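Beneath this line is the structure, given in structure tokens, with notes to follow.
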């Protein structure tokens with residue numbers, strides 16, 4: 001069994017389901033001690049932790065759109081783990097807000113919620129993680145983006161904008177933090193079989209969505225997790241500032 005994360009301490013936001021849970025399982029299998037965060041579903045968070053290989057894993061409930069809550073979460077994790085070697089920003093929301101169908105207050109709410117979590121939340125986690133890593137020999141940050149950052153997301157405009165901003169954040173931090181031996185990368189999946197996409201993939205548009213890829217399917221969470229694991233490992237020492245497309249050739253750039 002590959003044990004390339006032996007002794008590593010890892011924080012994964014949004015780790016109670018989907019890509020985050022799959023990544024937690026993969027890194028724990030490779031020897032990492034993992035903390036996942038969740039916002040609402042306490043039982044799901046506990047269940048993921050209970051399933052992880054090894055000991056010493058934990059789950060923390062946090063509203064990542066709240067800057068003070070992010071700071072408190074990081075303090076708890078560092079107090080328990082002592083250090084952080086890898087941070088994976090996976091938490092995000094995706095919901096429809098078609099201009100033709102909503103009013104201005106709903107539009108404002110959609111943007112505030114989406115940017116607050118997908119971009120500001122991730123940025124704040126990056127800041128606190130970087131402050132720690134700068135004084136502790138470096139580390140790795142992997143941000144989970146989306147092909148929507150490149151191709152546009154009609155009726156989900158705040159989501160597309162948040163992921164485009166996350167990509168820019170990733171590239172900016174890669175340059176700023178390289179002198180401190182902090183590697184910053186991103187992954188940009190297409191459709192993945194998660195709770196967030198289940199209704200779409202199981203609905204009347206499901207087959208059309210899957211056919212966007214010449215592989216004629218969506219990705220599994222584990223397929224994304226394996227790419228994240230590679231970027232978070234010592235096997236990729238010269239890959240920084242890169243956003244890796246994992247979309248089954250459903251969108252090429």
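Summary table
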item	result
Test: residue in segment 84-97 that is crowded, with 16+ Cβ neighbours inside 10 Å, under 22 Å from residue 231 (Cβ atoms) and out of contact with any helix residue (DSSP H, G or I) (no Cβ under 7 Å at 6 or more places or on another chain)	yes
Qualifying positions in segment 233-252 - in contact with a helix residue (DSSP H, G or I) (Cβ under 7 Å, 6 or more places away or on another chain) and either part of a loop (DSSP other than H, G, I, E, B) or on the phi > 0 side of the Ramachandran plot (or both)	236, 239, 240, 241, 251
Output for segment 6-21, where each listed residue is surrounded by fewer than 24 Cβ atoms within 10 Å (Cβ to Cβ) and in contact (Cβ under 8 Å) with a residue 60 or more places away in the chain	8, 9, 17, 18
Checklist (1) more than 21 Å from residue 189 (Cα to Cα); (2) without any contact (Cβ under 8 Å) to a residue 60 or more places away in the chain applied to residue 30, failing item	(2)
Residue identified as touching a helix residue (DSSP H, G or I) at 6+ places or on another chain (Cβ under 7 Å) and surrounded by 13 or more Cβ atoms within 10 Å (Cβ to Cβ) among 60, 77, 49	60
Criterion (farther than 29 Å from residue 31 by Cβ, within 15 Å of the chain's Cα centre (by Cα) and modelled with pLDDT of 95 or more) met by exactly one of 190, 248	190
Top-ranked residue of segment 190-232 - restricted to ones that are in a loop (DSSP other than H, G, I, E, B) and in contact with a strand residue (DSSP E or B) (Cβ under 8 Å, 6 or more places away or on another chain), ranked as farthest from residue 95 (Cα to Cα)	220
Helices (runs of 4 or more DSSP H) contained entirely in segment 120-186, each with at least 3 residues that are in contact with a strand residue (DSSP E or B) (Cβ under 9 Å, 6 or more places away or on another chain), surrounded by fewer than 21 Cβ atoms within 10 Å (Cβ to Cβ) and at pLDDT 95 or above	122-134, 157-177
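The values are calculated or read from the model by the stated rules, or taken from the named source; none is laboratory data. Just so it is clear, the structure is predicted and the values come from calculations on it, not from any experiment. Virtual Cβ from ideal backbone geometry, glycine too; neighbours counted across all protein chains shown.
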